[in-house]
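First comes the structure, then the notes that go with it.
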Amino acid sequence: MFEVLIFATLNGLVTGLLLFMLASGLTLIFSMMGVLNFAHASFYMLGAYFAYSISLYTGFWPALILAPVLVGVLGALVERYGLRRVHKSGHVAELIFTFGLAFLIEEAVQFFWGRATKDYRSPDILDFPLFTLFGQNFPAYKAFMIFISIAIFIALYFVLTRTRIGIIIQAAITHPHTVGNLGHNVPLIFMAVFGVGTGLAGLAGVIAGPVLTTFPGMAMVLGSIVFVIVVIGGLGSLAGALVASLLIGLLQSYAIASDLGMPDLLNWLGVSFERDHPLNDIWRLTLPQIAPILPYLLLVLVLIFRPSGLFGKRES
Amino acid sequence: MNILKSTVWLLRYIPQFCVTLAVFCGGQAFAQDPIRIAFIDPQSGTFAATGESGYLQLQFAADYFYNDKGGVLGGRKIEVIALDNKGSAADSQQQLRRAISEGIQYVVSGNGSAVASALSTAIERHNRRNPDQRVLFLNYAAVDPILTGADCSFWHFRFDAHSDMKMDVMTSHIASNPDIHKVYVIGQDYSFGKAVGDAAISMLAAKRPDIEIVGNELHPIGQVKDFTPYVTKIVSSGADAIITGNWGGDMVALGRSIIDAGLDVPIYTFYAAYDGITATLGEAGKNKIRLVHNDYANPVTNDVRRAYTEAFKAKFPHKDITQPRLATLLQMLTLAMEETGSTDPFAIATAMEDMRVTNITGEEVWMRGEDHQAFQPLYISVHTDENVVFDADNSGFGLVTEFSVPAADTISPSSCNMNRPQQ
Amino acid sequence: MFKFAVWIIFAIVIVLLPQFFTSLLSVSILNQMAIAIVFALSYNMLLGQGGMLSFGHAVYFGLGGFMAVHALLGIEDGDYFFSVTLIPLVGGLFGLLAALFIGSFSTHKAGTVFAMISLGVGELIAASSLILVSFFGGEAGVSGDRTYGPTFFGYDFAQDIQVYYLAAAWMFIATLAMYLFTQTPAGRMANAVRDNPERAEFIGYSARRVRLISFVMSGFFAGIAGGLFAVNYEILTEQNLNAVTSGNVLLMAYIGGLGFFIGPIIGAVVLTLMNSVLSHYTTLWMLYLGIMFVLTVMFLPNGLTGFLMMHRTPWHLGKIRLLIKPYIVTSIPGAVFALSLVAMVEMAHSSEAEFVFLGASFNSSGIVSWGVLIAIALGSFIALRRSLPALREAWAQANAIDSGEQK
């Protein structure tokens, strides 16, 4: 049981930090522009696919740099020529625009790369077990993922709090007009933030693609989870996003690792039911079975009892 | 006045408009028309890869075996019409109505047992309510035993082995390996995943009572981002074989996670090949992944099969023959047509009962009349790059058959109580 | 009076439609449209009239539908004895109950909070539908048979055409009811709360309660649509309450136009047609749908209806004919441009060597074919750009009120 706990923690950490890379970009975009970007996970998918195509020619390492940049540029273009135009029609229109964009990107990916799973692999140099614990390998690539995610968090934190551009961005979040009056080009800042945010999602895709498999449904699997994280953590809060990412990553990992379920609870309570009871499905539920829907349950509960999220300062 | 004029002007063009939208306005079939088969499978969306390749294979088989050799019933060609059901039961019914509107009498489908059972029910009802517009359902891949069991229908024929038959073969193979003592079962949380788990446990208990089932896990279908936590449980359970009914993205991700964790045990699957899966599993899955199926894989010894596969590869270099039984399906259908000299679904269905044909691999296939289930030899093949003549996904890797069960040993008693219509 | 006439015409049209479209397929497309119209209108009660963006509206559609199928099964087993014509009401009532329960906590806030709760609830219900097999039937769904129970004036609903009249009647009643709802004080207050909840509170209305009323009514009509679906298809599966269905209804309402009562109707009709006609011709129809959706959001924020309604001013000024010629001049190169792009997309996607598009045959790997298509696309694009100033000019003229001229 002990080894399961250790590996569950490691897995949860990897997933959580990966989710954070997506959530950080999303929350940055949201806090600046008030746009909940539904297509965020689609940029993550684009990152993986771009990296796959680039790595066919140059190998993994150039793709690690090039693909996120490409995705970021694409994101900036979307902001400049799409979102900015829709901005006039209000927030609902913006949300719906990104919703349509997510739909479109998924279709476009299927058009360009086909529907079959792509054989996108981690680089050979990281293709060894970092350590073996209780008979299970911990791949070096996963350690690399953890390293990249933490580096991104530190860099982002540093940029936002210690640099001039970070201070301007922070100011633009709360007082866009004042920042504009001070002579800063606010639309340019928006575009840059959107580009960087989507670029981060692309980077997450590049490093997650080899592990979580690169296929057209990969955005769908992650899309709403990232939303859940941003909302649970509190809209616009970077620290909240980090905490919520780790929370959800670990929660799911532990839930899967556990073997508990309703039968155990009922045994403990001393209640028993016949097998053909109409609610039999509920009495047989186990934690691993419902692990992937726990985040949604958490989301609904958090929104009911604390609509601003764990760390959020504003409500919508 | 102006409005009235332009309305009249518009009205004059309506018939023409309708001709363009002929599908929408309905049409009628003529006697010397081609024999049309509606292929109702996903052509768009997440599951499109299999539906798309199934359509190409069916049309290719029709051209290769019949149309290029003068057609059937004195020169009529076989035309396959792909109708996109988007993987949904409701859309399948919509497409069924489209097929019926166009006078099509044969429906081929197979991706997903939910869709197949919805189609089977819908066709049974339609044929009962409209005896003059009957339709035949030829199922090439949906494996839920219930389709030829409790829910069997006179109008439904299955050319694939159902999941219990396949599981019987799989457990026999496991039972024959004395090194296996602990088996872990993991599957998607829906009827097929559960059926695989239940069948594996009961059959292993009967064949090798000493084998311990160390885990029977269900995970939500298509929702799992990372299978590593599941693999951790598998590792700590000490399993020395894994059984899974997973398909699509869930199969790839599970396979990769198991291999990445360094777990070196055989993985028994139903669907871990083709459509990008073979390429993705690649070198890492070599000699670990096994697959139960009824399509004899490498080494191909039969000339008909070899020529057919080569011709297909020449036309579609990026596709594979994943469903050779589509050719068996056409064989039985056309033989029934020639025998009865008609295309009437009732006559065809009656003729196909207890029909025996030799398929393109040279094996005899028997369509049992009681429940319309086909019987043919079943195989276990291994994912490898040695001795592979026809690889999958152009990856160099493919399936090599290592265990076979003759058709006679796959027969189990029928539980079908068929409601047979009158002529 | 005019409005009354509109409803009469609407009724006549839906009665006459099956006389023109008689094939089984067209009748089933009409059935699908009737269901989609009710569903899209119910969605617009939330988003268009109440300002509540929901990403989980399929929940009420699906739950209503599942309950309706269970009612069908009950009739079949002889547990209940009532006509199939009342099945949609069963769906509606269950949709209402579900909406009442979920609305009791989700309508506290509008905006992002509401949207996120609807997303979470939608995912929760869709995921649990695969787990709770006894009610939802797992991924195989639950299927029933609509032909049991007492006949309705000799109708046993075995044929689709009979189902059409049932669906059309319910669609007419539901549409009328939803229209009348917009005219009630509750419907008006929904608009007020959407636009400015604080002010609505000041004049004594609880914004939350107004939202809840809209939400519950919307759940009711979504449930009716689900019940109609159950009668038409006789099966409900997990797909009827998942995110794809929720996304579809959003698409219908938005493409049709949120700000108009008729908008979702147009959206439902157009998208149902695209779904069944376009998907028959190309497997890439989802790609085109996505492009169309994004372009609609960008260029027609008020949807197709909004585009039509833009012509009200020129119409009233009697200047609509000024627009005819520029429209034709622009639309010809526009259509050619769009078609040539479509041809290139299809050709790139085609796996066969010979590629036939609109009767013309191309060689999909040949440079000549590509060259021709690119030349056509470029030429028509230039022509399109050239024609735009004239269109703008004509538009300005058509909308200008000249003092000298009589209306």
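Which residue is farthest from A:Val109 (Cα to Cα), if the candidates are limited to the range C:276-285 and must be within 14 Å of chain A (Cβ to nearest Cβ) and open to solvent by less than 40 Å² (accessible area, probe 1.4 Å)?
So the residue we want is C:Ser279.
Mind counting the residues in the range B:77-117 that are facing chain C (nearest Cβ under 9 Å), open to solvent by 10 Å² or more (accessible area, probe 1.4 Å), outside any helix (DSSP H, G or I) and of a type in the set (D, E, K, R)?
Going through the range B:77-117 one residue at a time, the tally reaches 2.
Condition first: touching a strand residue (DSSP E or B) at 6+ places or on another chain (Cβ under 9 Å) and open to solvent by 10 Å² or more (accessible area, probe 1.4 Å). Now tell me which residues in the range B:196-207 satisfy that.
B:Asp198, B:Ile201, B:Ala205, listed by residue number.
When both residues are 6+ apart or on different chains and their Cβ atoms are under 6 Å apart, which pairs have a first residue that lies in the range A:284-302 and is without any contact (Cβ under 8 Å) to a residue 12 or more places away in the chain and aromatic (Phe, Trp, Tyr), and a second that is open to solvent by 50 Å² or more (accessible area, probe 1.4 Å) and not in a helix (DSSP H, G or I)?
Sorted first by the residue in the range A:284-302, then by its partner, the list stays empty.
Identify, please: which residue in the range A:81-111 is modelled with pLDDT of 85 or more and more than 22 Å from A:Ala219 (Cβ to Cβ) and is, among those, least open to solvent (accessible area, probe 1.4 Å)?
Looking at the filtered set, the residue picked out is A:Arg84.
Would you tally the residues in the range B:240-252 being modelled with pLDDT of 85 or more and open to solvent by 10 Å² or more (accessible area, probe 1.4 Å)?
Count: 1.
Only one residue in C:Val6, C:Val13 is within 20 Å of C:Gly257 (Cα to Cα), in a helix (DSSP H, G or I), away from every other protein chain (no Cβ under 12 Å) and without any contact (Cβ under 8 Å) to a residue 24 or more places away in the chain. Which one?
C:Val6
Of the residues that make up the range C:107-120, is at least one small (Gly, Ala, Ser), more than 27 Å from the chain's Cα centre (by Cα) and either surrounded by 20 or more Cβ atoms within 10 Å (Cβ to Cβ) or over 20 Å from C:Tyr43 (Cβ atoms) (or both)?
Looking for residues that are small (Gly, Ala, Ser), more than 27 Å from the chain's Cα centre (by Cα) and either surrounded by 20 or more Cβ atoms within 10 Å (Cβ to Cβ) or over 20 Å from C:Tyr43 (Cβ atoms) (or both), one finds none in the range C:107-120, hence no.
Restricting to helices (runs of 4 or more DSSP H) lying wholly in the range A:176-263: which have 2 or more residues that are within 14 Å of chain B (Cβ to nearest Cβ) and touching a residue at least 40 places away in the same chain (Cβ under 8 Å)?
A:186-212, A:218-233, A:238-257
What helices (runs of 4 or more DSSP H), lying completely within the range C:189-284, carry at least 1 residues that are farther than 29 Å from C:Ile161 by Cα?
Where helices (runs of 4 or more DSSP H) fall fully within the range C:189-284 and carry at least 1 residues being farther than 29 Å from C:Ile161 by Cα, they are C:197-202, C:207-233, C:243-256.
Can you tell me which residue is nearest to C:Met292 (Cα to Cα) among those in the range A:68-115 that are outside any helix (DSSP H, G or I) and not small (Gly, Ala, Ser)?
A:Lys88
With the condition kept exactly as written, say whether any residue in the range C:18-33 is open to solvent by 10 Å² or more (accessible area, probe 1.4 Å), in a helix (DSSP H, G or I), more than 12 Å from chain B (Cβ to nearest Cβ) and without any contact (Cβ under 8 Å) to a residue 60 or more places away in the chain.
Yes, the range C:18-33 contains a residue that is open to solvent by 10 Å² or more (accessible area, probe 1.4 Å), in a helix (DSSP H, G or I), more than 12 Å from chain B (Cβ to nearest Cβ) and without any contact (Cβ under 8 Å) to a residue 60 or more places away in the chain.
Residues in the range A:83-106: is at least one out of contact with any Phe, Trp or Tyr (no Cβ under 6 Å at 6 or more places or on another chain), within 11 Å of chain B (Cβ to nearest Cβ) and farther than 30 Å from A:Val35 by Cβ?
The answer is no, given that none of the residues of the range A:83-106 is out of contact with any Phe, Trp or Tyr (no Cβ under 6 Å at 6 or more places or on another chain), within 11 Å of chain B (Cβ to nearest Cβ) and farther than 30 Å from A:Val35 by Cβ.
Quickly run through the range B:131-151 and pick out the residues that are part of a loop (DSSP other than H, G, I, E, B) and either open to solvent by 20 Å² or more (accessible area, probe 1.4 Å) or aromatic (Phe, Trp, Tyr) (or both).
B:Arg134, B:Tyr140, B:Asp144, B:Ala150, B:Asp151
Would a scan of the range B:353-375 turn up a residue that is of a type in the set (Ser, Thr, Tyr) and assigned by TED's automatic domain parsing to the domain that holds B:Arg305?
yes
Kindly indicate whether any position in the range C:309-328 is surrounded by 18 or more Cβ atoms within 10 Å (Cβ to Cβ) and within 14 Å of chain A (Cβ to nearest Cβ).
Checking the range C:309-328: not a single residue is surrounded by 18 or more Cβ atoms within 10 Å (Cβ to Cβ) and within 14 Å of chain A (Cβ to nearest Cβ).
Report yes if some residue within the range A:112-134 is within 20 Å of the chain's Cα centre (by Cα), open to solvent by 40 Å² or more (accessible area, probe 1.4 Å) and more than 8 Å from every other protein chain (Cβ to nearest Cβ); otherwise report no.
Looking for residues that are within 20 Å of the chain's Cα centre (by Cα), open to solvent by 40 Å² or more (accessible area, probe 1.4 Å) and more than 8 Å from every other protein chain (Cβ to nearest Cβ), one finds none in the range A:112-134, hence no.
Between a first residue in the range B:74-85 that is assigned by TED's automatic domain parsing to the domain that holds B:Leu335 and touching a residue at least 24 places away in the same chain (Cβ under 8 Å) and a second residue that is open to solvent by less than 30 Å² (accessible area, probe 1.4 Å) and among the hydroxyl-bearing types (Ser, Thr, Tyr), which pairs have beta carbons less than 6 Å apart while being 6 or more apart in sequence or on different chains?
B:Asp84/B:Ser44; B:Asp84/C:Ser279; B:Asn85/B:Ser92
The values are calculated or read from the model by the stated rules, or taken from the named source; none is laboratory data. Because the structure is predicted, anything quoted here is derived from the model rather than measured. Here the Cβ is made from the backbone with ideal geometry for all residues, glycine too, and neighbour counts use every protein chain on show. Just the protein is used for accessible areas: all its heavy atoms, side chains included, with ligands, DNA and RNA removed. Shrake-Rupley method; radii C 1.70, N 1.55, O 1.52, S 1.80 Å.
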